[in-house]
Amino acid sequence: MLNVVKAEIRKLRRPTLFFGTIGSALFFTGLITSFIYLMIDSPQGNGDRGRTIGREVLELSSGSVNGFASVGNFLGIIALCVFAAQTAQEYTYGTLRNLLIRQPGRMKILIGKLISMKLFALVMISIAAVVSIAISYFLAPGAKVSTDLWFTSEGFQEIFTTYINVSISVFAFGIVGMILGLLLRSPISAISFGVLWLLIVENLLIAVKSSLQSWLPGAQLSAIASGGLPDLTYKHALTVGGIYVVVGAAIASVLFVRRDVAN
Amino acid sequence: MQNTAISVSDLSKKYDDRLAVSHINFEVPLGIVCGFVGPNGSGKTTTMRMLLGLITPTTGQGHILGEPIEHPEKYLSRVGAMIEGPAFYPALSGYENLMVLAKLGGFPIDRVQELLDKVGLGDRGKSKFKTYSLGMKQRLGIAAALLPNPKLLMLDEPTNGLDPEGIQEVRALLRDLANDGTTVFVSSHLLSELEIISDYIVMLRKGEIVFAGPIGELMAQQQPTIIAKSLNHSDLARIVEISEKAGHHAVIRNDSVHILAEMDWAPVLNKAAFDAGITLAQLAPQLPNLEETFFEMTGDK
């Protein structure tokens, strides 16, 4: 298993992939976190879908990670793309047969790949967390937001909790990407389907019927990153999102183990 | 102690209603070079995939180095393989691609540079795989197959894309490996190459074994051939007619007539052609070679 993780890390540390992914994560982190402070008095709102995140919210002990929690969804989509591409490319390049000749334990390959990609995602999440908190800290005075409660013991507890929630959400998005990669066996199909579903289809469905927010997979994973939403509790999102991920992973694993490698 | 590298019994693979490989049986002894030949679509790659645990057989059993193919984890650490061409990550260098496989298999990493040198890629190891020529990609595939220092090496068309010098190098490499005790199971379209290096031949046609055994035994089964070429291309059919009338099977192939007959029938044909007003441009007896034998046995014109 350790050999699989080491081999996968060699692929993931490729500069174009590593710096490209971290660069995208930093771009979205900087953009979304900055918007919260720079647009704080905008009548169009400064949060997701025109929501207003006021000073009274940002001055709470959880204020430092408000931007980081908001960017969790984008980090999740980046993870979905990376996990999907890294999995599906083994089929399109034909490299899966090389992997299976050197490591015939298919579950070992799958779990080793997942562990290495989670490590990769963890690096991305950690960098995004540090950058988002730093941007928030430097923009807060200009937006007349007090940071007094941010770095108290309660504030650190909030940072830790948000970090865990965002990590769970990003890992789950990544696993969804991996499942799509295994099912569709093409990076372009897996990424297109995943991103279109999460960014467009789910939002349209929720706009038509708001109660679907409690049951669609992407909405659950986004709610986990935010630690729950006003109309979607953290516990519900964790349960429903968890069921989606576990069932999807089980189906994809069985297919991966049993399916002939004919390309 | 087992003395077969590959042993296959009643092995089949069915896709929908089509049998890609049909109840094949053959054995490959240890320490030899075995050529695996057959027309396109005859089931060579499917057979290799089954032997490597990549696809599940529909029926039958197989053993590699004494271990059942249902448990590839028991033998793949001693097997090197390249099937259906070299497959690597385009954005990684040749060196990095081999490192991925070395890490995965738990092989010593200093073997990577050693193998790059061995296949003539020592100075291009740091270049990205996508910048390699077809021949270089093929060499990298061979290097990857050699990573485990294999007891059995399975190569599918290893000389594809190689220049004549490269083909000669691969031939020498495979022969050296066999001399050192590695069993080499190799498929190739270059039958003349296989004829030079193979001790053993397994021949497939439409998913069925046509011949499996020592190459000498295969050649001994074949009749000598006379090759006749006429000055006028339209006379080829008449030469076939003359030969068939005399009881010798003949076919037109590559602008000449191939007649299954002993060498001493050549003067008889020469006279018969002269009497029929045909001017022969070439009349040459030819001992059977693998290519001729392949065409005869697979029925491929």
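Coordinate-derived values only; no laboratory data. Keep in mind the model is a prediction, meaning the values are calculated, not measured. Every residue, glycine among them, receives a Cβ derived from its backbone with ideal geometry; neighbour counts consider all protein chains shown.
A few comments on the model shown:
- Phi to ³J(HN,Hα) by Karplus 6.51 cos²θ - 1.76 cosθ + 1.60 over the stretch B:209-222, Hz, x for Gly, Pro: 6, 9, 7, 8, x, x, 5, x, 5, 5, 5, 5, 6, 8
- Within the straight-line cut-off of under 24 Å between alpha carbons, the lysines reachable from residue B:271 are B:229, B:245, sequence neighbours fewer than 8 places apart in one chain being disregarded.
- Take each residue of peptide B:131-143, count the partner chain Cβ atoms within 10 Å of its Cβ, and average: the result is 0.
- Under the span-like rule (Cα at least 15 Å along the axis, Kyte-Doolittle mean at least 0.0), DSSP H helices of chain B: B:94-105, B:134-146
- Shielding score for A:98-111, defined as the mean number of other chain Cβ atoms within 10 Å: 6
- Debye log10 I(q)/I(0) at q = 0.08, 0.11 Å⁻¹ for the protein assembly as shown, Cα point scatterers: -0.68, -1.00
- Among A:52, B:46, A:87, the order by Cβ neighbours within 10 angstrom, fewest to most, reads A:52, B:46, A:87.
- Put simply, the C-alpha atoms of the stretch A:1-116 give a gyration tensor, and the ellipsoid matching it has half-axes of 40, 13, 11 Å, longest first.
- Fewest-first ranking of A:176, A:57, using other Cβ atoms within 10 Å as the exposure measure: A:57, A:176
- Using only alpha carbons, chain B has a radius of gyration to Kirkwood radius ratio (Rg to Rh) of 1.06.
- Those lysines that a straight Cα-Cα span of less than 17 Å connects to residue B:14, excepting residues fewer than 8 apart in one chain: B:44, B:206
- Signed unit charges on C-beta, dipole axis of the protein assembly as shown, positive-most listed residue B:289, A:213, B:233: A:213
- Averaging Cα coordinates gives a centre for the stretch A:143-174 and one for the stretch B:41-83; these two points are 52 Å apart.
- Residue B:21 long-range amide H proximity, modeled H, under 5 Å: B:13
- With the highest mean first, a sort of the peptides A:37-46, B:260-269, B:131-140 on other beta-carbon atoms found within 10 angstrom per residue produces B:131-140, B:260-269, A:37-46.
- Footprinting exposure proxy ranking of B:4, A:33, A:16, fewest other C-beta atoms within 10 angstrom first, gives A:16, B:4, A:33.
- When Rg and the Kirkwood Rh are both derived from Cα coordinates, the Rg/Rh ratio for chain A amounts to 1.01.
- Computed over the stretch B:222-298, the P(r) curve from all C-alpha pair distances, binned at 5 Å from the origin, holds 3, 17, 32, 27, 14, 6, 1 percent per bin.
- About the Cα centre, charge dipole magnitude for chain B (Lys/Arg +1, Asp/Glu -1 at Cβ), debye: 820
- Kyte-Doolittle at least 0.0, axis length at least 24 Å by Cα - qualifying DSSP helices, chain A: A:15-38, A:66-92, A:106-139, A:153-184, A:234-258
- The protein assembly as shown: antiparallel DSSP beta bridges as a percent of all, rounded to 5: 70
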